[in-house]
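> What follows is a structure written as structure tokens; I'll ask about it next.
The values are calculated or read from the model by the stated rules, or taken from the named source; none is laboratory data. None of these values were measured; they are calculated from a predicted model. Reconstructed Cβ throughout: ideal geometry from the backbone, glycine too, with neighbour counts over all protein chains shown. Note: areas computed on protein heavy atoms with side chains; ligands, DNA, RNA excluded. Shrake-Rupley method; radii C 1.70, N 1.55, O 1.52, S 1.80 Å.
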Amino acid sequence: MTFTIETLQGRLVELFRRIIGHGQLSQGYLFAGDTGTGKMELAQWIALRLFCQHVDAAGNPDGTCSECRRILSGNHPDVVVVAPEGQTIKVDEIRFLKSELSKRGMETNQRVFIIQDADKMTTGAANGLLKFLEEPAPQTYLILTTSAKNQLLPTVLSRLQIIDFQDLPRPELIKRLQAQKIPANDAALLAHMTNSVTVASDLAASDWFNPLKERLWQWLTHVQQHNGQAFVAVQTQIVPLVKDKIAQGQALAVILLLYQDILAVHFDQRGDLSFPQAEKTLTSWAENTTVAKLLQQMEAVLQAQRYLNANVSFQNTLEDLTLKLL
């Protein structure tokens, strides 16, 4: 049986295949990485590998034995998953986990505990884990997953082996977004804006993403034509659409991606464009500029991002950028 995690994080699967094969599995891990990078899939793969009745010669679980089927269906008594209820993992949930951590396996001598989105633990809940982390029970393995490891208590982090997950390869991210019925052109842009499937899906579902990309395209068309309408469009078309700091930051990110596309086309590197549907127009723009000018324009966009981060108003930031580009 082939597991999704082998495609997402083949290097890490090989690492844990060797670790488990040599009997060197640590009792506490933190899997850190963006949403969709395979943290839970790898945690499940480790549980499968530990309990599988028919591990093959290469050290892979078969995924079909009775133990594997129970893990895959979430019904194995010695593989316990704790996930947030609402926005936090509360003390009561960790209290239950602690009581389970002190018990022997119900059917074997080993147990696997997985805490999903561990950054959502309350301080009390996180402190409740420390006793186990300081004195782990034999053959008991604890795996925490997070997309924000800097939000975990340092005392918890210091007692875990931290495994950082690589970003999803862009083609894989695009494929996953298209599987969620996001159009191919939107998926191409979103895959450059974020590496998180969840964040990309939320952006695509927002009420401002589609109109924003269309208005920014119109704005850049005016800029490329040296048309003063670009300056007018800032206040009338773009600013009313992006009401919060996140959307404003994304607007500047899209502008930078537009210029990166022009530069990529200039060097005939067309395989990974943010706006593949506009390749013909991008080519026309690339043919009428120089690399030096493109780099100067991209530096102006980067400067605009710095202004926004320094709390200069978005309208002033984009108007200033527009004047520089015109």
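> Quick one: would you say ARG11 is outside any loop (DSSP other than H, G, I, E, B), farther than 24 Å from VAL156 by Cβ and in contact with a helix residue (DSSP H, G or I) (Cβ under 9 Å, 6 or more places away or on another chain)?
Against the criterion (outside any loop (DSSP other than H, G, I, E, B), farther than 24 Å from VAL156 by Cβ and in contact with a helix residue (DSSP H, G or I) (Cβ under 9 Å, 6 or more places away or on another chain)), ARG11 does not qualify.
> Check LEU241 against each of (1) among the aliphatic types (A, V, I, L, M); (2) modelled with pLDDT of 95 or more; (3) touching a helix residue (DSSP H, G or I) at 6+ places or on another chain (Cβ under 6 Å) and name the one condition it does not meet.
(2)
> Would you be able to tell me the number of residues in the stretch 56-75 that are surrounded by fewer than 19 Cβ atoms within 10 Å (Cβ to Cβ) and in a loop (DSSP other than H, G, I, E, B)?
Matching residues across the stretch 56-75 total 11.
> State the number of residues belonging to the stretch 259-306 that are in a helix (DSSP H, G or I) and either over 21 Å from ALA184 (Cβ atoms) or β-branched (Val, Ile, Thr) (or both).
27
> Then there's this: What's the number of the condition CYS52 fails, among (1) at pLDDT 95 or above; (2) surrounded by fewer than 22 Cβ atoms within 10 Å (Cβ to Cβ); (3) over 14 Å from PHE3 (Cβ atoms); (4) not aromatic (Phe, Trp, Tyr)?
The failed condition is (3).
> State yes or no: is GLY36 part of a helix (DSSP H, G or I), open to solvent by 10 Å² or more (accessible area, probe 1.4 Å) and modelled with pLDDT under 85?
Judged against the criteria, GLY36 is not a match.
> Return the total of residues in the stretch 187-218 being open to solvent by less than 30 Å² (accessible area, probe 1.4 Å) and among the aromatic types (Phe, Trp, Tyr).
Going through the stretch 187-218 one residue at a time, the tally reaches 1.
> Go through the stretch 267-325 and give me each residue that's among the charged types (D, E, K, R) and without any contact (Cβ under 8 Å) to a residue 40 or more places away in the chain.
ASP268, ARG270, GLU279, LYS280, GLU287, LYS293, GLU299, ARG306, ASP320, LYS324
> Any residue at all in the stretch 133-150 that is outside any helix (DSSP H, G or I), over 20 Å from ILE255 (Cα atoms), among the acidic types (Asp, Glu) and touching a residue at least 40 places away in the same chain (Cβ under 8 Å)?
No, there is no match, as no residue in the stretch 133-150 is outside any helix (DSSP H, G or I), over 20 Å from ILE255 (Cα atoms), among the acidic types (Asp, Glu) and touching a residue at least 40 places away in the same chain (Cβ under 8 Å).
> Where in the stretch 153-209 are there helices (runs of 4 or more DSSP H), lying wholly inside it, with at least 2 residues that are more than 30 Å from GLY124 (Cβ to Cβ)?
Result: 170-179, 184-193, 197-205.
> Would it be correct to say that GLN180 is within 20 Å of THR317 (Cβ to Cβ) and either modelled with pLDDT under 95 or surrounded by 14 or more Cβ atoms within 10 Å (Cβ to Cβ) (or both)?
Judged against the criteria, GLN180 is not a match.
> Another question about this same structure. What are the residue pairs meeting all of these: first residue in the stretch 108-131, first residue touching a residue at least 24 places away in the same chain (Cβ under 8 Å) and among the β-branched types (Val, Ile, Thr), second residue part of a strand (DSSP E or B) and open to solvent by 20 Å² or more (accessible area, probe 1.4 Å), Cβ atoms under 7 Å, and 6 or more apart or on different chains?
VAL112/VAL79; VAL112/TYR141; ILE114/VAL81; THR122/THR88
> Confirm whether ILE238 is of a type outside the set (D, E, K, R), assigned to a loop (DSSP other than H, G, I, E, B) and surrounded by 16 or more Cβ atoms within 10 Å (Cβ to Cβ).
no
> I'm trying to understand the selection: among the residues of the stretch 117-151, which are hydrophobic (A, V, I, L, M, F, W, C), under 16 Å from the mean Cα position of the chain (by Cα) and within 21 Å of ASP92 (Cβ to Cβ)?
ALA118
> What are the residue pairs meeting all of these: first residue in the stretch 1-26, first residue more than 15 Å from LEU50 (Cα to Cα), second residue open to solvent by 40 Å² or more (accessible area, probe 1.4 Å) and assigned to a helix (DSSP H, G or I), Cβ atoms under 6 Å, and 6 or more apart or on different chains?
From the stretch 1-26, the pairs are THR4/GLU41; ILE5/GLU41.
> Which of the numbered conditions does THR108 fail, given that it passes all the others? Conditions: (1) closer than 21 Å to ILE20 by Cα; (2) buried (at least 21 other Cβ atoms within 10 Å of the Cβ).
(2)
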